[in-house]
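Nothing in this text is a laboratory measurement; each read-out follows from the coordinates by a stated rule. Note that the structure is a prediction, hence the values are computed from the model and not measured. All Cβ positions, even for glycine, are placed from backbone atoms using ideal geometry, and neighbour counts span all protein chains on display.
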């Protein structure tokens, strides 16, 4: 099993709106492509409060890659990306992949 972490920072004053859009994506688009085992977190102590992160648990990289391939075909995913652009600090988005050992 792996954990794929999507990470970004919300612009000042926009974290709640970004969280709402993130929840909406994972309950619609994410669910439709099979990304159903996830946790949405934000920075609290020792982390920037502006951080929004989603930990997605998937079986392996092949599964994740297949899900990402499905996204490339979706106009609603492209529209979502444009909708969150003004809410996110430019250049702050990234994916991190972790291997679960226990």
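Some points to look at:
- Relative protection proxy for 58-64, 47-53, from highest mean packing down: 47-53, 58-64 (other beta-carbon atoms within 10 angstrom).
- Remark: relative contact order (the chain) = 50 percent; criterion is Cα-Cα distance under 8 angstrom and separation of 6 or more residues.
- At q = 0.16, 0.22 Å⁻¹, base-10 log of I(q)/I(0) for the chain (Debye sum, equal scatterers on each alpha carbon): -0.71, -1.29
- Gaussian network model of the chain, springs between alpha carbon atoms under 10 Å - residue of 57, 78, 11 with greatest fluctuation: 78
- Here segment 24-73 is treated as a sphere whose radius is the Kirkwood value from Cα pairs; by Stokes-Einstein at 10 °C and 1.306 mPa s it diffuses with a coefficient of 131 µm²/s.
- Extension gain, residue 7 back to residue 44 (0.36 nm per residue minus Cα-Cα distance, nm): 11.9 nm
- With contributions of -39500 (n - 2.57) from each DSSP H run of at least four residues, the per-residue ellipticity at 222 nm computed over the chain stands at -10500 deg cm²/dmol.
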